[in-house]
Amino acid sequence: MNAKSDVRLPAVSVIMPVLDEERHLRGAVEAILAQEYAGEMEVVIALGPSTDRTDEIAAELVRADPRVHTVPNPTGRTPAALNAAIKASRHPVVVRVDGHGMLSPNYIATAVRLLEETGAQNVGGIMHAEGENDWERAVAAAMTSKIGVGNAAFHTGGEAAPAETVYLGVFRREALEQQGGYNEEFIRAQDWELNFRIREAGGLIWFSPELKVSYRPRPSVRALARQYKDYGRWRHVVARYHSGSINLRYLAPPTAVCAIAAGLVVGVALTPWGLVVPGGYLAAIAAGSVPAGKGLPLKARLRIPVALATMHMSWGWGFLTSPKSLARKVIASRRPAVLDTV
């Protein structure tokens with residue numbers, strides 16, 4: 001790329017919401033700073049009240065590179081962190097990265113090109129789950145399987161095309177300003193909710209498999225269950241807040257929870273035939289785990305059905321038990337938090 005073309009590259013602000021990320025923060029920031037992008041770049045880390053060495057590591061990163069800055073996020077909540085980082089940043093392209101996400105080397109350059117080529121307000125790609133032990137590898141396989149929770153392209157891959165939402169996202173700043181940033185009432189599903197508003201305003205959300213971010217799965221069954229329960233819970237809030245935003249794939253996990261529960265009750269109380277439904281479910285995820293685990297060690301393959309069941313049941317239960325009080329809080333605010341200075 002020649003010097004003339006370098007000058008035309010838009011400057012980029014990378015925003016990171018961070019809480020208890022001592023394990024991955026340094027590597028995530030180093031992957032950003034090593035990007036094959038000749039334009040100007042800054043990294044703004046929004047620091048929540050971590051209980052590990054996250055703040056210390058962030059301070060070291062700031063001292064080591066003048067492109068790295070931090071802002072406080074006393075609430076510890078992701079959407080508040082994102083809005084604080086957007087407000088503190090200054091460039092026309094805004095790249096969201098999580099503290100445990102690892103950008104591929106040409107991620108930013110490719111995203112900037114796609115924004116120009118497609119005219120999209122937000123572009124994103126594949127959430128490339130990668131584990132560091134047998135359990136995490138099993139979760140990664142479950143997340144990228146077509147029998148995981150939904151079959152969104154950012155999980156399973158696919159052709160470049162318009163999308164409902166994308167993983168993380170690379171935004172035009174004016175799109176964020178127009179929408180007032182992230183709605184801070186959405187503790188989870190804030191990406192989906194923001195992208196819905198952008199689409200409702202006529203903006204294009206674009207998925208491309210050229211973009212890839214490595215993602216580290218949750219390290220235990222309990223942590224995975226909590227994560228997916230929250231996903232289901234807040235996805236139901238989105239459905240209440242934005243009528244027409246739900247589709248059949250989001251209803252599959254809660255339907256499965258109800259069917260399995262009913263089958264168990266009937267099977268125990270009335271007739272063994274009721275156990276056909278839960279038995280069929282177990283057989284289905286066991287069969288689906290075979291292609292999902294191709295190439296993995298045996299111990300990881302054996303854990304895939306557990307990961308799938310945890311994801312399905314937790315997401316479904318969260319969706320079914322999502323309290324209406326959450327929706328009332330969100331609907332009462334009606335407008336997202338306004339970015340008064342960006």
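The values are calculated or read from the model by the stated rules, or taken from the named source; none is laboratory data. In this text, all values refer to a predicted model and were calculated from it rather than measured experimentally. Here Cβ is always computed from backbone atoms with ideal geometry, including for glycine, and neighbour counts include all displayed protein chains. Surface accessibility is based on the protein's heavy atoms, side chains included, excluding ligands, DNA and RNA. Shrake-Rupley method; radii C 1.70, N 1.55, O 1.52, S 1.80 Å.
Could you check, for the stretch 63-71, whether at least one of its residues is of a type in the set (D, E, K, R), at pLDDT 95 or above, assigned to a helix (DSSP H, G or I) and open to solvent by 10 Å² or more (accessible area, probe 1.4 Å)?
Yes, because at least one residue in the stretch 63-71 is of a type in the set (D, E, K, R), at pLDDT 95 or above, assigned to a helix (DSSP H, G or I) and open to solvent by 10 Å² or more (accessible area, probe 1.4 Å).
Only one residue in 11, 58 is more than 20 Å from the chain's Cα centre (by Cα), open to solvent by 10 Å² or more (accessible area, probe 1.4 Å) and hydrophobic (A, V, I, L, M, F, W, C), so which one is that?
11
Can you find, within the stretch 77-97, the residue that is nearest to residue 123 (Cα to Cα) among those that are open to solvent by 20 Å² or more (accessible area, probe 1.4 Å) and assigned to a loop (DSSP other than H, G, I, E, B)?
Top of the filtered list is 92.
Within the group 303, 222, 226, 216, which residue is at pLDDT 90 or above, within 20 Å of the chain's Cα centre (by Cα) and closer than 20 Å to residue 147 by Cα?
Sole residue among the options that is at pLDDT 90 or above, within 20 Å of the chain's Cα centre (by Cα) and closer than 20 Å to residue 147 by Cα: 226.
Taking the stretch 199-226 as the search range and keeping residues that are closer than 26 Å to residue 313 by Cα and basic (Lys, Arg), which one is most open to solvent (accessible area, probe 1.4 Å)?
222
Going through 333, 322 one at a time, which residue ends up being within 30 Å of residue 199 (Cα to Cα) and either loosely packed, with under 13 Cβ neighbours inside 10 Å or at pLDDT below 80 (or both)?
From the options 333, 322, the qualifying one is 333.
Among the candidates 254, 278, which residue alone is without any contact (Cβ under 8 Å) to a residue 40 or more places away in the chain and either part of a helix (DSSP H, G or I) or within 19 Å of residue 310 (Cα to Cα) (or both)?
278
How many residues does the stretch 7-27 contain that are aliphatic (A, V, I, L, M) and assigned to a strand (DSSP E or B)?
5
Can you find a residue in the stretch 227-246 that is open to solvent by 80 Å² or more (accessible area, probe 1.4 Å) and either part of a strand (DSSP E or B) or of a type outside the set (D, E, K, R) (or both)?
Scanning the stretch 227-246, I find at least one residue that is open to solvent by 80 Å² or more (accessible area, probe 1.4 Å) and either part of a strand (DSSP E or B) or of a type outside the set (D, E, K, R) (or both), so the answer is yes.
Filter the stretch 38-53 down to the residues that are open to solvent by less than 30 Å² (accessible area, probe 1.4 Å) and closer than 19 Å to residue 106 by Cα and list them by number.
Hits for the stretch 38-53 are 39, 41, 42, 43.
Are any residues in the stretch 164-183 more than 20 Å from residue 214 (Cα to Cα) and surrounded by 20 or more Cβ atoms within 10 Å (Cβ to Cβ), and if so, which ones?
Within the stretch 164-183, 172, 175, 176, 179, 181, 182, 183 meet the criteria.
Residue 274 versus (1) modelled with pLDDT under 90; (2) under 30 Å from residue 111 (Cβ atoms): which is the lone unmet condition?
Among (1) modelled with pLDDT under 90; (2) under 30 Å from residue 111 (Cβ atoms), the lone unmet condition for residue 274 is (2).
Only one of these conditions is not met by residue 6: (1) modelled with pLDDT under 95; (2) crowded, with 20+ Cβ neighbours inside 10 Å; (3) of a type outside the set (Val, Ile, Thr). Which number is it?
Of (1) modelled with pLDDT under 95; (2) crowded, with 20+ Cβ neighbours inside 10 Å; (3) of a type outside the set (Val, Ile, Thr), only one is false for residue 6: (2).
Could you please let me know if residue 102 is open to solvent by less than 10 Å² (accessible area, probe 1.4 Å) and closer than 23 Å to residue 126 by Cβ?
no
Only one residue in 301, 249 is closer than 20 Å to residue 318 by Cα, in a helix (DSSP H, G or I) and charged (D, E, K, R), so which one is that?
249
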